[in-house]
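A short write-up of the structure that comes next.
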Amino acid sequence: MTNLLLIAPTCDGEDVGEAWVAHQWAQRLAERHDVTLLTYHKRGAKPAAQQLSGLKVVEWTEPPLVGRAERLNSMLKPAYVPFYWRARSWIRAALASGQRFDLVHQPVPVAMRYPSPAAGLGIPMVIGPVGGGLSSPATFSADEDSTPWFVALRGLDQYRRRWDPLLRNTYRSADCVLGIADYVRDQLADIPLRRFEVMSETGLDMIPEPIQRSGRTGPVRLLFVGRLVRTKGVRDVVRAMSMLRDLNVELDVVGEGPERGACEHLIENLHLGQRVMLHGWKSKAAVSEFYRRADMFVFPSYREPGGNVAYEAMGFSLSLIVVDRGGPGSATTNECAIKLPVTTPDALAYDIAAAVRTLVTDEPLRLKMGAAAHTHVSKTGLWSAKLDRVDTIYAEIMRANASKTESSTQGSAMARA
């Protein structure tokens, strides 16, 4: 069993986003390893020590005032600065007192703008899964919704990765960097990495048994699940549906967001009210029923960092249509998904329509890809499979570190002789 130091600021199973992701990692790693968790909690939130069992929790309270603007706080994490210095001081003191850790793993923050407090302290280190930082293609940015001023600060990330010595040292010194998709490797290309592996930031607890869809009658049901914002590509799917009037296919859109008004207007103008249904937000149980009822899944997000929604769809044995950019492209294979290039909105709508036509008119191919999707996600998307892979990475790093230590000791002994 590995003596593991887990660094996970904002670890809260009752929250959403990265706090929830961190809780998933802490909970599951504690079932396999001897874990010491360094974290902090928001004021008024339930401390991680009261939510987690089977591990040691070292926890601080979020400084006052930093959590006032929730979206700004979520993106920029001003509390990370004091957390960094507190955690780094704690690690130094622990090592000085004789505590030893086989490995340190920092799974969050996902964004690649935060140096690790454990970097350079002599403990083998795994960072990630990290990701984000994707920009919209120039041809799409013109019709995107306006965003708060501070979102533009994401553009500084590339310069920080190039010039920030603390950040660069974190990735250069890490024994393994986990990236949520292949594009992360490209974003870190100017930093010499010791090892890079692709892995999603979270996973599925379980997936349904393979779903058999052969013999179904009625319209072929195309499904989209996600927040209705421009970057997810819902507008492009609706436009694609206008090119498929000769096919018996209907589109279900599950999700809510600022793009809904634009989609409703487009559906009305294109006279698609009988073939495109906007269902709004639905509970997790209701979404599962939409997955079961669907025949194929479309998610043409052109700025999607992770692939979690693709894993969900694959779990329900659905063939997929995704953009070959970011997380969904990395999460899927050509055996289970049609991957589309992204150039212009007009081209994307046309490519979606062509892909839908292929799968609607070729049922054997659609069923074959759905079966391949279920097989693929069972090997890559389940927490059990992910943790088996993480354990292998841990073991390989510790063996390599032990070999280097042994070689160094032998070299010193020979020098003294």
*asked:* Relative contact order for the range 298-417: what percent, with Cα pairs under 8 Å and sequence separation of 6 or more?
replied: 24 percent
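Evaluate the Kirkwood expression for the hydrodynamic radius of the chain, namely the inverse of the mean inverse distance over all pairs of different C-alpha atoms, and round to one decimal in Å.
Details: mean 1/r = 0.0433 Å⁻¹.
In the chain this quantity evaluates to 23.1 Å.
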*Run a plain Debye calculation on the range 220-380 (Cα atoms as equal point scatterers, no solvent) and give log10 I(q)/I(0) at q = 0.16 Å⁻¹, rounded to two decimals, same order as the q list.*
-0.82
_Along the charge dipole of the range 132-278, pointing to its positive end and built from +1/-1 on Cβ of Lys, Arg, Asp and Glu, which listed residue (Leu272, Trp163, Pro208) has its Cα farthest out?_
Trp163
_Suppose a student asked you for the relative contact order of the range 220-380, using Cα pairs under 8 Å spaced at least 6 residues apart; what percent would you report?_
25 percent
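First select every other residue whose beta carbon is under 14 angstrom from the beta carbon of Gly215; then total the charges, Lys and Arg +1, Asp and Glu -1.
Working: positive: Arg213, Arg216, Arg366; negative: Asp295, Glu363.
Here the count lands on +1.
Counting helices only, and only those DSSP H runs with n ≥ 4, report the 222 nm mean residue ellipticity of the chain as the sum of -39,500 (n - 2.57) divided by its residues, in deg cm²/dmol to the nearest 500.
Values: 16 runs with 176 residues, N = 417.
Estimated from H runs of four or more residues: -13000 deg cm²/dmol.
Holding the Cα-Cα limit at 30 Å, pick out from Lys56/Lys284; Lys42/Lys404; Lys46/Lys77; Lys46/Lys232; Lys46/Lys282; Lys282/Lys339 the pairs that are longer than that.
Working: Lys56/Lys284 32 Å; Lys42/Lys404 41 Å; Lys46/Lys77 19 Å; Lys46/Lys232 33 Å; Lys46/Lys282 27 Å; Lys282/Lys339 27 Å.
From the list (Lys56/Lys284; Lys42/Lys404; Lys46/Lys77; Lys46/Lys232; Lys46/Lys282; Lys282/Lys339), the Cα-Cα distance tops 30 Å for Lys56/Lys284; Lys42/Lys404; Lys46/Lys232.
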*Restricting things to alpha carbons, tell me how big the range 163-268 is in terms of Rg and Dmax, in Å.*
21.1, 61
_Considering only the chain, percent of DSSP beta bridges that pair antiparallel, nearest 5_ = 0 percent
*For the charge dipole of the chain, defined by +1 on Lys and Arg C-beta atoms and -1 on Asp and Glu C-beta atoms about the Cα centroid, which residue among Trp90, Met1, Pro258 has the Cα displaced farthest towards the positive pole?*
Trp90
*About the Cα centre of the chain, what is the dipole size in debye to 20, counting +1 per Lys and Arg Cβ and -1 per Asp and Glu Cβ, all else neutral?*
960 debye
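Just to verify a number: FRET efficiency for Ala347 and Met398, C-beta to C-beta distance, R0 = 56 Å, to 0.05? Before the final figure, lay out each step's value.
Numbers: r = 48 Å, r/R0 = 0.86.
Once rounded, the FRET efficiency stands at 0.70.
How much length, in nm to one decimal, is gained on full extension between Ser135 and Asp252, taken as 0.36 nm per residue of separation minus their Cα-Cα distance?
On the way: separation 117, 0.36 × 117 = 42.12 nm, distance 2.76 nm.
Length gained between Ser135 and Asp252: 39.4 nm.
Taking R0 as 56 Å, what FRET efficiency do you get between Glu197 and Gln274 from their Cβ-Cβ distance, rounded to the nearest 0.05? Please report the intermediate quantities before stating the final value.
Details: r = 47 Å, r/R0 = 0.84.
Computed FRET efficiency for Glu197 and Gln274: 0.75.
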*Which listed residue (Gly326, Val16, Pro192) has the Cα farthest towards the positive end of the charge dipole for the chain, taking +1 on Lys and Arg C-beta and -1 on Asp and Glu C-beta about the Cα centre?*
Pro192
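Read-outs throughout are calculated quantities, based only on the coordinates presented, and are distinct from any laboratory measurement. Not measured: the values here are computed from a predicted model. FYI the Cβ positions are ideal-geometry reconstructions off the backbone, even for glycines, and counts take in every protein chain you see.
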